[in-house]
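What follows is one structure encoded as structure tokens, with my remarks underneath.
The values are calculated or read from the model by the stated rules, or taken from the named source; none is laboratory data. This structure is a prediction, so every number in the text was calculated from the model and none was measured. Cβ atoms come from the backbone with ideal geometry, glycine included; neighbour counts cover every protein chain shown.
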Amino acid sequence: MVKEKDYLIHPLYILITLVLGSITALFLGFSFAYIYSRLQNGENPVAIPILFYLNTFILLGTSYALVQTKKSYELDQTSRYKLLLWVTLILSIIFLIAQVLAWRQLLEMNVGLTSSNLASYLYVISGIHFLHVIGGLPFLIFFIRDAKKRLVEPASVLVYLSDPDKKRKLTVLSIYWHFLDALWIYLIIFFWINRMV
């Protein structure tokens, strides 16, 4: 068995790098396909609803909550740590609900999935981002359940907070969440620029 200290780069960091690299390639591919379709067919870009913009602030709230969560972990503030994990989960669920409402706004604007190629891309791109947020929720829920179970007695708190693997997994979760937030901001800017140009 390889000891942790023998790793040049921990496999978990390699894994998250590969995952984020794959997601980046996927969304860049969709971005180029969107631009190509727009130029090829001469279609007008779709105006995104106001909720898409408001969702950006919700996601920024999740990033901020996770930054504070990590600080609370490092400062042994267990109550605040558990609270901030819940705040992150609740904000993430609010984002998902708001995104469904944003798609309803699109439908009310007579922009359906089959209205045009660009409308299809908008739904698919935002839908895939939506699925990636859902994909992160089980890991967040795992942290909440684990913290509730283990942050009870002083001895278990000490073991939990001094566990390098726990800290590493929290770091990886934060990286994933910050990446999804940055990706959403990129998508909003991308659709906005396409609408303006």
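Here are the numbers for the structure shown:
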quantity: Cβ pairs under 9 Å, 6+ apart, first in segment 34-53 and at pLDDT below 90 and aliphatic (A, V, I, L, M), second outside any helix (DSSP H, G or I) and surrounded by fewer than 19 Cβ atoms within 10 Å (Cβ to Cβ); calculated: Val46/Met109; Val46/Ser115; Val46/Ser116; Ala47/Met109
quantity: Some residue of segment 54-65 being surrounded by 17 or more Cβ atoms within 10 Å (Cβ to Cβ), under 30 Å from Glu153 (Cα atoms) and not polar (S, T, N, Q); calculated: yes
quantity: Residue within segment 87-100 that is over 19 Å from Ser63 (Cβ atoms), in contact with a helix residue (DSSP H, G or I) (Cβ under 7 Å, 6 or more places away or on another chain) and surrounded by 13 or more Cβ atoms within 10 Å (Cβ to Cβ) present; calculated: no
quantity: Residue among Leu96, Leu85, Leu89 that is assigned to a helix (DSSP H, G or I), within 19 Å of Ala147 (Cα to Cα) and under 14 Å from the mean Cα position of the chain (by Cα); calculated: Leu89
quantity: Helices (runs of 4 or more DSSP H) fully within segment 117-197 counting 3 or more residues that are small (Gly, Ala, Ser) and under 30 Å from Tyr7 (Cα atoms); calculated: 117-150
quantity: Odd one out for Leu113 among (1) farther than 22 Å from Leu12 by Cβ; (2) modelled with pLDDT under 95; (3) in a helix (DSSP H, G or I); calculated: (3)
quantity: Yes/no for Ile14 being at pLDDT 95 or above and either in contact with a Lys or Arg (Cβ under 9 Å, 6 or more places away or on another chain) or among the hydrophobic types (A, V, I, L, M, F, W, C) (or both); calculated: no
